[in-house]
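Comments concern the structure below.
The values are calculated or read from the model by the stated rules, or taken from the named source; none is laboratory data. None of these values were measured; they are calculated from a predicted model. Counting neighbours? That spans all protein chains shown, and the Cβs are built from the backbone with ideal geometry, glycine included. When the accessible area is computed, the model is the full protein with side chains, heavy atoms only, and any ligands, DNA or RNA have been set aside. Shrake-Rupley method; radii C 1.70, N 1.55, O 1.52, S 1.80 Å.
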Amino acid sequence: MAHDMAFEMTRAPWSPEQQIERPRLTKQVLDTEDQAAFRLQSKMPRYIYFAANSKNKWGHQRGYRIQITSFAGDHVPEASSMERAISWARYQLAVTRRKEEEPTSTSIYNQNDPWMPTVTFADFINNETITRRSPPAPASTTRTTPGHPLSLLLTSSTTRPSPMRILFGERPYWWVLDTDYYGNNSAPEIQQFPLTCETGPGSPSGHAMGAAGVYYVMVTALLSAAGGEKQSRTLRYWLLWTVLWIGFWAVQVCVCMSRVFIAAHFPHQVIAGVFSGEWIRPPIPFPAAPLCWTAVPAALTNAPALFLAGMAVAKTFQHIRFIYRASFHRYLGITLFLFSFTLGFYLLLWTFGVDLLWTLEKAQKWCSRPEWVHIDTTPFASLLRNLGILFGLGLALNSHMYQESSRLKQGQQLLPFRLGCIAASLLTLHIFDAFKPPSHTQLLFYALSFCKSAAVPLAAVGLIPYCLSQLLGTQDKKAA
Ligand SMILES: O=P(O)(O)OC[C@H]1O[C@@H](O)[C@H](O)[C@@H](O)[C@@H]1O
């Protein structure tokens, strides 16, 4: 984008017989390489800047300004037979469209045979379109070559996601800015929010999946508790059935619409999330589930974790006996298996050049505010959180505290015990939630996330019921 001043003649308001030149700001989009290559000694616009599609908080287009001051003159006459080897020096500034097959803008080998140069910079400037590209980050893609003070080559990638990639985990907040789909037309303005910049793959939606999985299990558990025999179901049961399912779908619609509204998802991704959230509930044989999920490329690293969350909740309600009987060793074994399976699979693919964390780079590149990119949204953070919960649950259920508190569950003071547990657990969860592990060291962050998640069930299933049972037990004794 070039900003300059043009002068227009106007009458001086204070002296109408006089004319004055009034400066006016002009803006011009430089949309081809030829327009954005400024020859030496040519007149430059006053301001040149790389504009992004987003706006800053004053409503001005984001971007960064390029300022060039140089007193250098001609390098060699352009008619010289060796000029092409140093043709970058023709320009004060040149913006070109970079392609993957063009790793460099010049080459030291040009010096060896300047008459037949390996790379000719001037050939890059062949009038290709350069608008609707991502603004390159100055540190990573701006190349100033030592000894080439006048040449500033800015590049932008041509590896753009095709429209079909929205089926493979692209999120709208980056896809819209990153795609060639809109050609020379302007792409829709996408407003980002603090929750937009998720770093994992967008398909299927983890929030929709979690909401559907958890609420499905809650609704069906409540209905089976209220239902009794099929034949003896009363009007009250059917009223409850209607209210609960309306509630279920109301929650799903709100979750899905909010995810689409903040540009974190396309509609098909949240719909897939809701339905996979329901399917993910047991009975999928335990070790088979992460393997099933590997069929969904975009959700690969997230899958075991998501499965685990859905499964942990579902088991609690639907197969209560199993989850209570499983030994700590079993919990530990499952935790280790899921961790090593996911890590191993990730590393295996990585050695073959497949980076399952490709979405992280997209988020960092396209999020309008770097502080909105949170490490706790990464698939690995999610995996460790859910593994922590599983581990903590196993630890709590096999603890002495849990055995002790279970005794009171058959006792007299069941209602105060349960209400006390709910209130104390909510309070504790709130306190846990306020603790944010420091994110400057990734390993420390992941380790602390795991510990924090393990502490949650340990507190809610072990410690809190134990303390309350002791308290109520003492009161019982005093009363007796
Ligand atoms: O895919 P969505 O809806 O943006 O949800 C992403 C979230 O999905 C959850 O399952 C993960 O635990 C979170 O870490 C992640 O941030």
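Applying 1/(1 + (r/R0)^6) with R0 = 51 Å to the Cβ-Cβ distance of H440 and L235, what FRET efficiency is obtained, to the nearest 0.05?
Efficiency computed from Cβ-Cβ geometry: 0.30.
Computed from backbone phi, the HN-Hα couplings of segment 460-474 come to 6, 9, x, 5, 5, x, 5, 4, 5, 5, 5, 4, 5, x, 5 Hz, rounded to whole numbers (Karplus: 6.51 cos²θ - 1.76 cosθ + 1.60, θ = phi - 60°; Gly and Pro given as x).
At the listed q of 0.14, 0.15, 0.19 Å⁻¹, the Debye profile of segment 26-96, built from one uniform point per Cα, gives log10 I(q)/I(0) equal to -0.55, -0.61, -0.86.
Listed by chain and number, the aspartates and glutamates whose alpha-carbon sits under 13 Å from that of K43, ignoring those within fewer than 8 places in the same chain, are D4. Under the combined filter of DSSP loop state and at most 11 neighbouring Cβ atoms within 10 Å, segment 418-460 retains these chymotrypsin sites (Phe, Trp or Tyr not before Pro): F435. Taking amide H as placed 1.01 Å from N in the peptide plane, I66 has its amide H under 5 Å from the amide H of I48, Y49, F50, each at least 5 places away in sequence or on another chain. Subtracting the Cα-Cα distance of S406 and A51 from their residue separation scaled by 0.36 nm leaves 121.4 nm.
So what does log10 I(q)/I(0) come out to for segment 322-479 at q = 0.15 Å⁻¹, using the Debye formula with one equal point on every Cα and no solvent? Ignoring solvent entirely, the Cα scatterers give -0.90.
Once backbone amide H atoms are built at 1.01 Å from N, Q92 has F38, R39, L40 as its partners under 5 Å, excluding neighbours fewer than 5 places away on the same chain.
A simple rule links phi to the HN-Hα coupling: the Karplus curve 6.51 cos²θ - 1.76 cosθ + 1.60 with θ = phi - 60°, which for segment 220-225 gives 5, 5, 5, 5, 5, 6 Hz, with x for Gly and Pro.
Residues H400, H265, H207 ordered from highest to lowest accessible area at a 1.4 Å probe: H400, H207, H265.
For the residues E102, E189, E371, E8, a 1.4 Å probe over the protein chains yields an accessible-area ranking, largest first, of E189, E371, E8, E102. Straight-line reach from K362: taking Cα to Cα under 17 Å and skipping same-chain neighbours fewer than 8 places apart, the aspartates and glutamates in range are E170, D178, D180, E198, E371, D376.
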